[in-house]
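The structure appears below as structure tokens.
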Amino acid sequence: MAKMTMKEIAKKAKVSQPTVSRVLNGHKGVSEEIVNTVMKVVEEVGYVPNKAAQTLKRSSTNIIGISTREIDNPYFVDIIDSLELEARKSGYNILFHNSKYNPVTEWENIQNFVSRQVDGIIIVPSSDFNLERISKLDIPTVVITNNKKMLDSVGINHLQAGKLAGESFIHSGHKTFGYIGSIRDDEKFYGLESVLQENGFTFDPNNFLLVESSNDSFMIRRYIEKYLDESEKLEFTCLFAENDIMALEFMKAAEKRQIRVPEDVSIIGFDDTYLAKIMEISSIHQPIGEMVKTSFEILLNRINQEVPSSLVNIMMEPSLIERKSSKFRRR
């Protein structure tokens, strides 16, 4: 059966087109008798309420749901700030939730977005746990910062980020390399490791500093201090950090022990946040403004049904911003 328009459903139900719209969108002020009549027609032509709302034009709330996994890292604060600015430019407000890396909390946040009838969702997922369920919702959704197969996404080439850091270290004459991060299965680390292998170097697994948290400065600092206290000397002359928080905490702990940055150890962070700019830490820059603008354009096109049904996945390229923490060439 061909899809019916709202006008045709109104005619069949013997009510006005605005009345059909109010019924499908759950607006108050419509009698129970009319609601039953309209929904009976909707079911007769092969729709259930959600499908009807998807097919027929519904009223807009002009709200975009934003879900991120943390706000302690200033990188995510920058993303949220840029998203709100982009939303206002297009006449939207944002409803913000923080999952705190908890997939259960994340799904509760998504359900709240659904109940609030947001027009679309932009999400920094806590993990892949909820992505399949999210992809089945009738709400346009875009993943930002990472590329995912099940949803439209705009991400960063994390593998290339690691390669940029590694190439910089090699060109500066380093031969022993370190990495600090919260997970081993990280494309940034794989990028670093691959460029080292391409240039005849190997990464010593003992130089992987695995911390328990990616954003808790206290926990990160405690682990670094324990590592430095137990080490007679650093087994690496350069360090690539998962983010700027880790880079800063390592730099502070090192300098406290008279380990000079960059002379004794060069450091490159990731995200290029204000921490890196203030403390003169070299960092991998992510084009947040461009990433946010592109994500919002994709979302609006989905809301307005102006893009093909096939998923859109865009990967943006990072760049290295060199500052004092790594500007030292070893002889």
Checking V154, V30, V195 against a Gaussian network model of the chain (alpha-carbon springs below 10 Å), the top fluctuating residue turns out to be V30
Among the trypsin sites (Lys or Arg not before Pro) within the stretch 115-187, which fall in a DSSP loop and have no more than 13 other Cβ atoms within 10 Å of their own Cβ?
R116, K136, K149, K175, R184
Hey, with R₀ at 35 Å, roughly what FRET efficiency would I259 and N112 work out to, going by the Cβ-Cβ distance, to 0.05?
0.15
What lysines does K149 reach when the alpha-carbon gap must be under 30 Å and sequence neighbours fewer than 8 apart in one chain are set aside?
K3, K51, K57, K89, K100, K136, K163, K188, K293
Taking a ≥ b ≥ c as the square roots of the Cα gyration tensor eigenvalues, with a/c under 1.5 meaning rounded and otherwise prolate when a/b beats b/c, else oblate, which class fits the stretch 214-293?
prolate
Using amide H atoms built 1.01 Å from N in the peptide plane, name the residues 5+ places from R69, or on other chains, whose amide H lies under 5 Å from its own.
S99, V124
Whole Å is fine, so just give me how far the alpha carbon centre of the stretch 95-143 lies from that of the stretch 172-205.
34
For the pair F129 and I321, what calculated FRET efficiency results from E = 1/(1 + (r/R0)^6), where r is the Cβ-Cβ distance and R0 = 56 Å, to the nearest 0.05?
0.95
Using only alpha-carbon positions, what ratio does the radius of gyration of the stretch 60-209 give when scaled by 2.2 N^0.38 Å?
1.27
What does the charge count around T105 come to, taking other residues whose C-beta lies under 13 Å from its C-beta (Lys +1, Arg +1, Asp -1, Glu -1)?
-1
Select from the stretch 225-315 those trypsin sites (Lys or Arg not before Pro) which occupy a DSSP coil region and have at most 15 other Cβ atoms within 10 Å, ordered by residue number.
K233, R257, R260
Which of E230, E212 comes first, and how do the rest follow, when ranked by fewest Cβ neighbours within 10 Å?
E230, E212
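Values quoted throughout were computed directly from the atomic coordinates according to the rules given, and no laboratory measurement underlies them. Given the structure is predicted, the values throughout are model-derived calculations rather than measurements. Cβ coordinates were reconstructed from backbone atoms using ideal geometry, including for glycine residues, and neighbour counts include every protein chain displayed.
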